[in-house]
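Peer 1: Here it is, the structure, as C-alpha cells.
Only the coordinates and a few stated rules stand behind these numbers; no lab work does. Model, not experiment: these values are computed from the prediction. Positions of Cβ are backbone-derived with ideal geometry, glycine not excepted, and every protein chain shown enters the neighbour counts.
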Amino acid sequence: MTVVDSPYVLSLTGSLTTPRAEAIHSEVLAALNGHSRVTVDCSSAIEMDVAFIQILVAANRFASQCGKAIALASPPAGLFAETLRRCGFPAPKRPTAALAEVLSQPSA
C-alpha cells in the first residue's frame with residue numbers, strides 16, 4: 001500500500017456512537033494506513049459517546065507505533081468537549097489540536 005505524506009482530513013459526521021463504531025474504526029484505520037498525517041474533523045457530529053473516544057485513543061496509539069501523526073482539526077469544544085468530560089478527560093488547560101495532548105492530560 002502506498003502511503004501519502006500530505007495531511008489528510010478525515011471528516012466524521014452525524015452520529016459517532018457505538019452502533020457506528022465498527023464503520024468509524026474502519027474509516028480511521030484506512031486513513032492512517034494510507035496517509036502519514038491524518039487530521040480528524042468531528043465538528044459536524046450530532047452525537048458522540050465513549051466508543052468514539054476509544055477509537056481516538058486507539059488511533060493515537062496506532063499512529064504513534066507506526067511513526068504517523070493524528071491530530072484534531074480544532075480543539076475540543078461543544079459536544080466533543082462534553083463527551084470527553086463525561087468520559088473522564090479534563091478540559092484542555094490551553095487550546096490545542098494535538099490529539100495526544102488532549103488524551104494524555106491527567107484528571108484533576
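Peer 1: Taking the Cβ of residue 25 as the center, what net charge do the other residues with Cβ under 14 Å away carry, scoring Lys and Arg +1 and Asp and Glu -1?
Peer 2: Value of the local net charge: -1.
Peer 1: Could you work out the local net charge near residue 13, counting Lys and Arg as +1, Asp and Glu as -1, over the other residues with Cβ closer than 15 Å to its Cβ?
Peer 2: Neighbourhood net charge equals -2.
Peer 1: Let me ask something additional. In nanometres, what is the gap between the two model label sites at residue 9 and residue 21, each 7 Å from Cα along Cα-to-Cβ?
Peer 2: Those two pseudo-labels are separated by 2.9 nm.
Peer 1: Within 10 Å, count the other beta carbons around each residue, average over each peptide in 13-25, 30-42, and list them highest first.
Peer 2: 30-42, 13-25
Peer 1: While we're here: Can you give me the long-range amide H partners of residue 38? Hydrogens built in the peptide plane at 1.01 Å from N, cutoff under 5 Å, separation of 5 or more residues or another chain.
Peer 2: 8, 69, 70, 71
Peer 1: Right, next: What residues have an amide H closer than 5 Å to that of residue 11, excluding those fewer than 5 places away on the same chain, when H is modeled at 1.01 Å from N in the peptide plane?
Peer 2: Amide H neighbours of residue 11: 41.
Peer 1: Still on this structure, please answer the following. Can you list the HN-Hα couplings for segment 29-37, worked out from phi with the Karplus curve (6.51, -1.76, 1.60; θ = phi - 60°), rounded to whole Hz and with x for Gly and Pro?
Peer 2: My calculation for segment 29-37 gives 4, 4, 4, 5, 6, x, 9, 7, 9 Hz in order.
Peer 1: If you don't mind, another one. Looking at segment 8-101, I'd like the Rg to Rh ratio, where Rg is from alpha-carbon atoms and Rh is Kirkwood's inverse mean 1/r.
Peer 2: 0.92
Peer 1: Then there is this: Which far-off residues, 5 or more places away or on another chain, put their amide H under 5 Å from the one on residue 48, with H placed in the peptide plane?
Peer 2: Amide H neighbours of residue 48: 16.
Peer 1: Convert each backbone phi in segment 79-88 into a coupling constant with the Karplus relation 6.51 cos²θ - 1.76 cosθ + 1.60 (shift: θ = phi - 60°), then list the ³J(HN,Hα) values in order as whole Hz, x for Gly and Pro.
Peer 2: Taking θ as phi minus 60°, the curve returns 4, 5, 4, 5, 5, 4, 4, 4, 8, x Hz for segment 79-88.
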